[in-house]
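Each remark here refers to the structure printed beneath this line.
The values are calculated or read from the model by the stated rules, or taken from the named source; none is laboratory data. Everything numeric here is computed off the predicted structure, so don't read it as measured data. Cβ placement follows ideal geometry from the backbone for every residue including glycine, while neighbour counts extend to all protein chains displayed. For accessibility, only protein heavy atoms count, side chains too; no ligands or nucleic acids. Shrake-Rupley method; radii C 1.70, N 1.55, O 1.52, S 1.80 Å.
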Amino acid sequence: ERKRERERERGERKEMSATVGKREREETAGGTAGQARKRSRVGGVRAKVVILVGGHSKGTRFRPLSFDVPKPLVPIAGLPLLQHYLNECSCAFRASEVELAEVLLLGFFQAEEFDSFCNDASQRMGVPVRYLKEPSSLGTAGSLYHFRDEIMSGLGGGGGDRLFVLHGDIMCKFPFAPMLAEFAKHDSAVGVILGHKVPHSEVPSYGCLVSDPHSNELLHYVEKPSGTTPLSNTINCGVYLLNPIRFFDFVEHVATHMEEDDSSVTLSSSYSIPKNHIQMETAVLPRLAGEQKIYVLPYEEWWLQIKKPSECIAAAEMIMSHCRDQMSDSPPFPVDFHSGYFGNVVVHPMAQVDPSAKIGPNVSIGANAIVGKGVRISNSIILDGTVLRDRCLVTHSILCWNVDVGSWARIEGTEEHSHTMEGVCVLGKGVQIAPEIIVRGCVVLPHKGVNESISHRIIL
């Protein structure tokens, strides 16, 4: 019965695709010149963007930053991380011939945690931005398949529709236009994946891509390969461009084989997918590789993954260096670039900074923060409501909301870190630091008071 149901659904989708394609051909043949020009401008393509944001059971390495807000909404360089994604999307689609129909956020946070952000983002972008909550953690491909009806809604249902899928813990200049151009070269492709070269020693931390140097076809994929000599130093960037109909058909095929391989796996009565994870990286990409179905677009610009607090500072530096134009046009998250500061500096207009303070490079200061006389800040993120009293120093650190640092205190992190400790200092919400003490390379959980100098410790 389940197989017959899947066959019926597949037939309905193919019939819908054929009907839409026929209607578009008829409209093209009989439409007015103005309509033809309009279709030419958008290239007959509508697209959706899906951002996979995870949930509270993930992102524990991001604590204490993620205690108070979901990781995707933690401010980096003056704006929530997701806002930088949307800024890049807006910029990319304005410059392309593709119409952006909707942005969907998929995860298993509580929906109310994203309500305000989605409402504001929808008004700014002029397209719907919605959050869809998974019933449980379904995996990257499983989550997409679970919400396939929502994703397909509003698209034409034809072969020209496109689906961009972005992992919510990476940052780069999303090259949507080059990905569309690469996709257009391959008539029967399921998708295009973004690939980026890293040092060979880092490959075991990512998905490894082996592609044909001439056709860019993905030939082999291994998630976090073991061994000392990886086959390639090109990694999966976590950015995909997909033909949604072909992709969902393939995931259904994968789900069927997973069910047949494991009789203990059952299908959801409403969505016909396995209840366990279907991971893009382990269940889908390896099966697509070598079948002339997915291709790799080499990407040589900056790219980084954001999984730990220390990586927020690197991300802020990259964002402030490369995304300045997009950031300065993002109300209601106003930012201001002060030419008198040293290097990249973002200061919220509602922050109070004494003229004698020395700020930079790579510093962001949030709303209602107070920076006293002679304060020195570098390579740090200062969130809303934090008070830095006279002549204190903060370097390579992240100070969460409403932190109070006493006069002449020193909060010092480093760029280097070990497997057990962050190099950066991270002070949780409401932490109070006494005057004239040194806090070096520490993580302090929220609402703690530190009254003596400490080094490389976690204060619970």
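Brief remarks on what is shown
- Residue selected from segment 187-198 under the condition modelled with pLDDT of 90 or more and not β-branched (Val, Ile, Thr), by the criterion nearest to the chain's Cα centre (by Cα): Leu194
- Any hit, segment 71-90, residues being over 14 Å from the mean Cα position of the chain (by Cα) and surrounded by fewer than 22 Cβ atoms within 10 Å (Cβ to Cβ): yes
- Subset of segment 191-207 that is in contact with an Asp or Glu (Cβ under 9 Å, 6 or more places away or on another chain) and not aromatic (Phe, Trp, Tyr) - its residue that is most open to solvent (accessible area, probe 1.4 Å): Lys197
- Members of segment 297-312 found to be in a loop (DSSP other than H, G, I, E, B) and of a type outside the set (A, V, I, L, M), listed by number: Tyr299, Glu300, Glu301, Trp302, Lys307, Lys308
- Segment 116-138 residues that are within 15 Å of Gly154 (Cβ to Cβ) and in a loop (DSSP other than H, G, I, E, B), paired with ones that are open to solvent by less than 70 Å² (accessible area, probe 1.4 Å) and at pLDDT below 90 (beta carbon under 6 Å, 6 or more apart): Val127/Leu100
- Residues of segment 94-107 classified as of a type in the set (Asp, Glu) and either surrounded by 21 or more Cβ atoms within 10 Å (Cβ to Cβ) or under 16 Å from Val50 (Cα atoms) (or both), total: 2
- Matching residues in segment 108-130 - criterion: being crowded, with 20+ Cβ neighbours inside 10 Å and either over 22 Å from Asp68 (Cα atoms) or at pLDDT 90 or above (or both): Phe114, Phe117, Ala121, Val129
- Condition met for Ser321 (in a loop (DSSP other than H, G, I, E, B), of a type in the set (Ser, Thr, Tyr) and at pLDDT 75 or above): no
- Test: residue in segment 413-433 that is crowded, with 16+ Cβ neighbours inside 10 Å and over 22 Å from Arg63 (Cα atoms): no
- Contact map, segment 267-287: residues that are closer than 9 Å to Ala141 by Cβ paired with residues that are modelled with pLDDT of 90 or more and basic (Lys, Arg), Cβ distance under 7 Å, separation 6+ or inter-chain. No pairs are found.
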